[in-house]
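Notes to accompany the following structure.
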Amino acid sequence: MSYRFDLFLLILVLVAGLIWLLWPFFNRRRIEVPPEEPDQFSFEGSIDNDKTVVVTNCKRSELDSVLDEFIQLYSMQDWSTRGIDVTDTGNQFLVHFPLDLPPNIFIWLVNFIRYPIESKPIYHVFGKTVLTEDFKAINCPIEGVQAIVYCPEDDGLSVRFVTKSNECWAYEWDAVDSWKKVQNDRDFTEFGPV
């Protein structure tokens, strides 16, 4: 009887130990990973930067709500020192960054305004910029070219660049700093003059 009890107790201790060891693996939750926060000293920025987010068909309060959510969610409090300037042209809002913004944060912002987590989505948004070496991972001959950054419709997981010089290119960003050339699925004139 004592042998059976010892064996039962040993098995019980082994099962409890196994559950204790494996508990973290079965109790994981999906965690939203924010964009990599730039080191304030690694990104110099340019006062002559041209990064602009163009937003149409929304109210200023809706845009402010999405921008505030982005700042809070991704700990972008240094915008108070870097600066953000919103201009109302009457039919659209132009969001400028006087002291520049790292490319990855710029891309995440365009995507976030289109697909915020808590706020009302803003469906008419795109970014304008000139591609520089800071847009790492674009291995194509388009550095120095004006580009449109947008989110394809019904796709919150990618951002595309569309550029136009002698031809039109579209590159898709898959949120892990890798790019691939894709078919241009939108009429370039939809965004107006680059």
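The values are calculated or read from the model by the stated rules, or taken from the named source; none is laboratory data. The structure presented is a predicted model; accordingly, all values stated were derived computationally and were not measured. Positions of Cβ are generated from backbone atoms using ideal geometry, with glycine treated the same way; all protein chains shown enter the neighbour counts.
General observations
- Residue that is surrounded by the most Cβ atoms within 10 Å (Cβ to Cβ), among those in segment 80-131 that are assigned to a strand (DSSP E or B) and among the hydroxyl-bearing types (Ser, Thr, Tyr): Thr129
- Selection status of Val66, surrounded by 10 or more Cβ atoms within 10 Å (Cβ to Cβ), part of a helix (DSSP H, G or I) and either modelled with pLDDT of 70 or more or among the basic types (Lys, Arg) (or both): yes
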